[in-house]
Every structure is written in C-alpha cells, then in structure tokens.
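Input: one structure, supplied below.
The values are calculated or read from the model by the stated rules, or taken from the named source; none is laboratory data. Bear in mind that the values here come from a model prediction, so they are computed numbers and not experimental data. Positions of Cβ are generated from backbone atoms using ideal geometry, with glycine treated the same way; all protein chains shown enter the neighbour counts. The accessibility values were calculated without ligands, DNA or RNA, using every heavy atom of the protein model including side chains. Shrake-Rupley method; radii C 1.70, N 1.55, O 1.52, S 1.80 Å.
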Amino acid sequence: MQEFDEQQAVAAMCRAIGAEPGTSVEDDVCEVLDLIYDYYESHGELSLDLGDDDADDDIADMVAYIARHLRKNGPEQPFSDSQLTDMVKAEIDYEDSII
C-alpha cells in the first residue's frame, strides 16, 4: 500500500475537471480536498465504501456539503456541482489506487 500523496490527489482532481495541475485553480482544488476530509471527519468516515449501494448518495451528500461550504467562503474559481462530483470521484479513485 502506498502512502497518500496530496499533490497526486490534487493533480487527479485537476485533471478530472480539465484543469492543468500547477495552475491558479490548484489552490481552489486543494480547498475542495480539505472539504472532502472535513466531510469524512464530520461523518465519522475515513473513506467512502464504494461497495455500498448508497455510494452515489454518499457522493451526492459530499458534493452538497462541499458546495454549501464553498458558497460561504467561495474560492476564486467557482465550481459547478458537476465539477465537484468529478473531483470527488477522482479523489476516491486516487485513494483506491494506492490501497
């Protein structure tokens, strides 16, 4: 099992929304990554269990949680719910790839 690398996770999330890692959007993607882990912590989870039938509902709940927080303290680069969903899925895929 590999160790989690935040830079690789952010790069995967950037690619998921068609943004180049290392550009100005990267800071905003880092904020989304932080909110993903805030969600995990606030829900007593270390990660989503994608084997569950409710995985899509979990992702939708996470996206709603992230969107709510971003509306309060919005990033310079606003993200659509679709982009947030793509970033969440990319982060989960990255986590799965290092297990």
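Among the residues of segment 13-31, what is the count of those that are open to solvent by less than 40 Å² (accessible area, probe 1.4 Å), without any contact (Cβ under 8 Å) to a residue 24 or more places away in the chain and in a helix (DSSP H, G or I)?
Of the residues in segment 13-31, 1 are open to solvent by less than 40 Å² (accessible area, probe 1.4 Å), without any contact (Cβ under 8 Å) to a residue 24 or more places away in the chain and in a helix (DSSP H, G or I).
Quick one: how many residues across segment 53-81 are modelled with pLDDT of 90 or more and outside any helix (DSSP H, G or I)?
So the answer is 2.
Continuing with this model, one more query. Taking the condition modelled with pLDDT under 95 and among the aliphatic types (A, V, I, L, M), does LEU84 pass?
No.
Please list, ordered by first then second residue, the pairs with beta carbon atoms under 6 Å, 6 or more apart or interchain, first in segment 1-12 and within 12 Å of SER97 (Cβ to Cβ) and open to solvent by less than 50 Å² (accessible area, probe 1.4 Å), second part of a helix (DSSP H, G or I) and of a type in the set (Asp, Glu).
ALA9/GLU91
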